[in-house]
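The values are calculated or read from the model by the stated rules, or taken from the named source; none is laboratory data. As the structure is a prediction and not an experimental result, all values here were calculated from the model. With ideal geometry, Cβ positions are generated from the backbone for all residues, glycine too; neighbour counts draw on all protein chains shown. Ligands, DNA and RNA are excluded from the accessible area calculation, which covers all protein heavy atoms including side chains. Shrake-Rupley method; radii C 1.70, N 1.55, O 1.52, S 1.80 Å.
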Amino acid sequence: MELLLAITIGIVVATSVYLMLDRNALRFLFGLVLLSNAVNLIIFAGGRLTVGAPPLIPDGAYAPVGVVANALPQALVLTAIVIGFGLLAFTLALVYRTFMTLGTVNSDEMRIAEPRDKRELDTGRLGMGKADPEHPATGQEAGI
């Protein structure tokens, strides 16, 4: 069972890295979610996969009776799921706002603060280099 889980974790990590290397911000986000799920599986497998009862202590006893499942990895994974969902919601809102502002989710086309060619770098339209009196920088171009 642990070998199957290790192979599954490897496939999920490889898929997430493949998605995160793409220039599309939405695919990067899906890769990030897959990577967090792979980490959750690693934490869960780190607690050893055992067939056992829930870790409940009967009345009058100081420890669980018999073989029980490890509760710590389960609690860590539950916490990681909640944090991962919050991260997903936040980054999805950022990607949506980026798409509404720029009209694209391709990272190569998101070049607001970067000059497109050497001529714009020399003219200083974005506040870099010498000022050009014919094309003064506006607040929007300067990123203000």
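Checking the conditions here, which among Val77, Val105 is at pLDDT 80 or above, open to solvent by less than 70 Å² (accessible area, probe 1.4 Å) and in contact with a strand residue (DSSP E or B) (Cβ under 7 Å, 6 or more places away or on another chain)? If you could, list the steps in order and put the result at the bottom.
Working: Val77 fails: in contact with a strand residue (DSSP E or B) (Cβ under 7 Å, 6 or more places away or on another chain).
Within the list Val77, Val105, the selection yields Val105.
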Options Gly60, Gly66, Gly46: the member that is more than 30 Å from Leu92 (Cβ to Cβ), open to solvent by 50 Å² or more (accessible area, probe 1.4 Å) and touching a residue at least 12 places away in the same chain (Cβ under 8 Å):
Gly66
Scanning the range 7-23 residue by residue, those surrounded by fewer than 16 Cβ atoms within 10 Å (Cβ to Cβ) and under 16 Å from the mean Cα position of the chain (by Cα) turn out to be Ala14, Thr15, Val17, Tyr18, Met20, Leu21, Asp22, Arg23
